[in-house]
Amino acid sequence: MKLAFSTLGVPGLPLTDVLGLATAHAYHGVELRAHPEEPVHPGLAPGERAAVTAGFKEAGVELLGLAGYARVAAPGDDDAVLAEIRGLLDLARDLGAPYVRVFPGGGTEQSVEEADATAARRLGTAAEYAADLGVRILLETHDSHRTGADAMRVLGLVGHRRVGALWDVMHTWLGGEQPAESYLALAPHLGYVQVKDIASTDDTTPLPLGSGVLPLTEVVDVLSRHGWDGWLCWEYEKRWYESAAPLPELLDAGREHLARLLSDAA
């Protein structure tokens, strides 16, 4: 498996510095938070996009994917959601990113069936556009569709190879799913895995990997046992928790912890 980190852990950091961290701390790739607060977002001009691509190539770092914020199950009109996804897909195509992350984002005023159908309809439409660009849309286990079983209800309705799953191990755990259950549900559609650590169900402040309660050993074990060889991406949520320790000083220990888990699982 290859290791990456998300720029959610280094909010607003210039791309050259992000790539410097990846090379200095021996990470294979980076997941870019695609938000207007960040250096890389769908509003970039063509020349700026070319500079991003050149920067990754020069650094020898892979662009794992773009973490977007489109909410595919959210109530309301389809057009704005689809336009947001198309903007992310265009950016991913231009940068050479294989994946675009979207959230479920279902509302409390919807039934489960309505939220599933809304998400599936939008993802099915966006999938045709994604196919033309050679990019894959990944539905993250998050918010209204926290578990692998929740995500699979939607992905089963979509049934398109350009739509898959992003396994956020915190949310499936908070949803009461064991890693083996999450993997079984998501495996046919799994794009990559986001790892992290927290203190408890009541305190989700990000912690160094291995110092919290999330079942990272079990996650790596189940992935290894099934011969999965994709990406593990450390999503350290510094943007939402200003008091959390700075990510750069944790990167070496985090990589070493994941390497130990991989070695033990092997």
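Taking the conditions exactly as written (closer than 21 Å to Tyr192 by Cα and either modelled with pLDDT of 95 or more or among the β-branched types (Val, Ile, Thr) (or both)), does Arg71 satisfy them or not? Yes. When Leu21, Leu89 are checked against the criterion of being part of a helix (DSSP H, G or I), in contact (Cβ under 8 Å) with a residue 40 or more places away in the chain, in contact with a Phe, Trp or Tyr (Cβ under 8 Å, 6 or more places away or on another chain) and farther than 17 Å from Val135 by Cβ, Leu21 stands alone in meeting it. If the Cβ limit is 9 Å and pairs must be 6+ apart or interchain, which residue in the stretch 43-64 that is in a loop (DSSP other than H, G, I, E, B) pairs with which residue that is among the β-branched types (Val, Ile, Thr)? Sorted first by the residue in the stretch 43-64, then by its partner, the pairs are Leu44/Val52; Gly60/Thr23; Val61/Val18; Val61/Thr23; Val61/Val30. Annotation: of all residues in the stretch 125-142 being hydrophobic (A, V, I, L, M, F, W, C) and under 20 Å from Gly96 (Cβ atoms), the one that is nearest to the chain's Cα centre (by Cα) is Leu138.
At pLDDT below 95 and open to solvent by 50 Å² or more (accessible area, probe 1.4 Å) - does that describe any residue in the stretch 245-259?
Our first condition is that a residue be at pLDDT below 95; within the stretch 245-259, this holds for none.
Taking every residue of the stretch 245-259 in turn, none turns out to be at pLDDT below 95 and open to solvent by 50 Å² or more (accessible area, probe 1.4 Å).
The values are calculated or read from the model by the stated rules, or taken from the named source; none is laboratory data. The model shown is predicted, which means the values in this text are computed figures rather than measured ones. Every residue, glycine as well, gets a Cβ built from its backbone with ideal geometry; the counts of neighbours run over all protein chains shown. Side chains included, ligands, DNA and RNA excluded: accessible areas come from the protein's heavy atoms. Shrake-Rupley method; radii C 1.70, N 1.55, O 1.52, S 1.80 Å.
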